[in-house]
Amino acid sequence: MFMHNKELLFPVNVKGPNPAFAAAVLEQFGGANGELKACLQYFAHSFTTKDPVIRDLLLDISTEEISHLEMVGECITQLMGGTDVDPNVMGSGEQTMRQEGATMGNANGYLNQIINQNSTVQKSVYLGGHGPDFIDSSGTPFTGNYINTVGDLMADLQSDLAAELRARKVYEELHRHVTDPGAREMFDFLVQREEAHALLFKEAIERVADMQGGGFEKSFGDKQYSKLYPELSMGGSASQMFRSDDARIITGPFTGDPDTDTFGGASPPMQ
Ligand SMILES: [Fe+2]
């Protein structure tokens, strides 16, 4: 059961409407590395484990992600000037929009700007009622294909850790390009929360490794081809530098047949 708390997880107060900024922030609302993707991915993964600790962790973080989604949606709505628009009054909010358009160097004002220059914002105005739509910063609709889930808990948790690092990177880029101080304050908060989640997923991965007896590779087979590393780079191969002690380096042409492949001696020390 999920419940709704009427307070935002962190207050969002942008300085003023800015459609270009709103379009950029949409990347974290309906984009490939955004909050909805994170929320749904962790939610899906919670069904694939019976471990109560990891299941709770996934649901806790999934729930926090929808709180992040709420904040990002509020930020976009404010940047779109949506809070100044009364849907029952024709022309409501128009003056605010035109003023903002003028300050952005467009003499024709906000409306011409969004219609002629940014179809992403245009769509959110007409279809989203000045609020966020589930699209990314270029207008591409959200898709379930963004959600990485395969049913292998170790693989899924690695995807979750990567999702946090990806979200963090996007917020860092948004912080560079979106100069609204209120939006930046929100980005800074969310970067810190994604870092906290990344550390939790790292601990979850270590817990699963312990449960599996030492790591994901423990489930790998030790068969004919399982530890062969062909030397395919001229002048030294990364396979040699990172190989395990029982790896077999193929220094001649890779035939796939251990009887005919040429194996090298000891690997050079790592530089
Ligand atoms: Fe998040």
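Quick note: the coordinates plus some simple rules give every number you see, no bench work behind them. Quick caveat: nothing in here was measured; it's all calculated off a predicted structure. Reconstructed Cβ throughout: ideal geometry from the backbone, glycine too, with neighbour counts over all protein chains shown.
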Exercise for the section: At 7 Å along the Cα-to-beta-carbon direction for both ALA162 and ASP188, put a label point, then send me their distance in nm to one decimal. Expected result: 3.2
Practice task
Please work out the FRET efficiency for the pair ASP51 and THR140, using the Cβ-Cβ distance as r and a Förster radius of 41 Å; give the result to the nearest 0.05.
Solution key: 0.70
Exercise for the section: Run down the lysines and flag those whose C-alpha is under 16 Å from the C-alpha of LYS37, throwing out any fewer than 8 positions away in its chain. Expected result: LYS169
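Working out 0.36 nm times the residue gap between GLU172 and LEU232, then minus their Cα-Cα distance, what length gain in nm do you get to one decimal? Don't skip to the end; give the middle numbers.
Working: separation 60, 0.36 × 60 = 21.60 nm, distance 3.66 nm.
Computed gain between GLU172 and LEU232 is 17.9 nm.
So between PHE216 and MET1, what do we pick up on full extension, going 0.36 nm a residue minus the alpha carbon distance?
Numbers: separation 215, 0.36 × 215 = 77.40 nm, distance 3.28 nm.
Computed gain between PHE216 and MET1 is 74.1 nm.
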Fill in the blank from the handout: In nanometres, the difference between 0.36 nm per residue of separation and the alpha-carbon distance of ALA209 and LYS223 is 2.9 nm
Handout entry: Karplus-derived HN-Hα couplings along the stretch 217-232 (A = 6.51, B = -1.76, C = 1.60, θ = phi - 60°), whole Hz, x at Gly and Pro
Key = 6, 5, 8, 6, x, 10, 10, 3, 10, 6, 10, 9, 10, x, 7, 9
Practice task
Name the residues whose placed amide hydrogens come within less than 5 Å of the amide hydrogen of ILE135, ignoring near sequence neighbours (fewer than 5 apart) on the same chain.
Solution key: GLY30, PHE142
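How much net charge surrounds SER138 when only the other residues with a Cβ under 13 Å from the Cβ of SER138 are counted, with Lys and Arg +1 and Asp and Glu -1?
Local net charge: -2.
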